[in-house]
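Before any comments, here is the structure.
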């Protein structure tokens, strides 16, 4: 009798825990706000995520004191940032605070297939090309909605950065 009760109890627990069908599991985990069109536009996976390239900019090997070269390089750096944003290839850029690693800023690159493509794109930055800046690059998995903040960012600055 005890064996019979144990078997029924085990059967009930197993069915309650693991007996949900795939459609029941999907219903429990589905998002009622899911927008298929937006998801496809942003290139998201089923979790609303996608891969990007995270670039950490750091002090380069060119230790020049030529102020004109430095100014020209950073002017080119800023122009390149604006161009890449317009092309949809750069969605986050900004400086880092002072640190012991000589890290200067970050980029998050979007809509690139390979790390080689990302490295080639970084060579269009005059500060990198002139050795004033260098970089480390990583594959990063984040929210596919990240690029959606860009249209709003243009509405909140008073002075052009």
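The values are calculated or read from the model by the stated rules, or taken from the named source; none is laboratory data. Keep in mind the model is a prediction, meaning the values are calculated, not measured. FYI the Cβ positions are ideal-geometry reconstructions off the backbone, even for glycines, and counts take in every protein chain you see.
Listed by first and then second residue, the pairs linking a residue in the stretch 66-88 that is over 22 Å from residue 108 (Cβ atoms) to a residue that is at pLDDT below 95, with Cβ atoms under 8 Å apart and 6 or more places separating them unless they lie on different chains, are 70/64.
Can you confirm whether residue 119 is loosely packed, with under 12 Cβ neighbours inside 10 Å and either modelled with pLDDT under 95 or at negative phi (or both)? The answer is no for residue 119. Residue under question is residue 90, and the condition is that it be closer than 21 Å to residue 148 by Cα, touching a helix residue (DSSP H, G or I) at 6+ places or on another chain (Cβ under 6 Å) and surrounded by 15 or more Cβ atoms within 10 Å (Cβ to Cβ); does it hold? So residue 90 fits the description; yes. There is no residue in the stretch 27-36 that is exposed (fewer than 15 other Cβ atoms within 10 Å of the Cβ), modelled with pLDDT of 95 or more and part of a helix (DSSP H, G or I).
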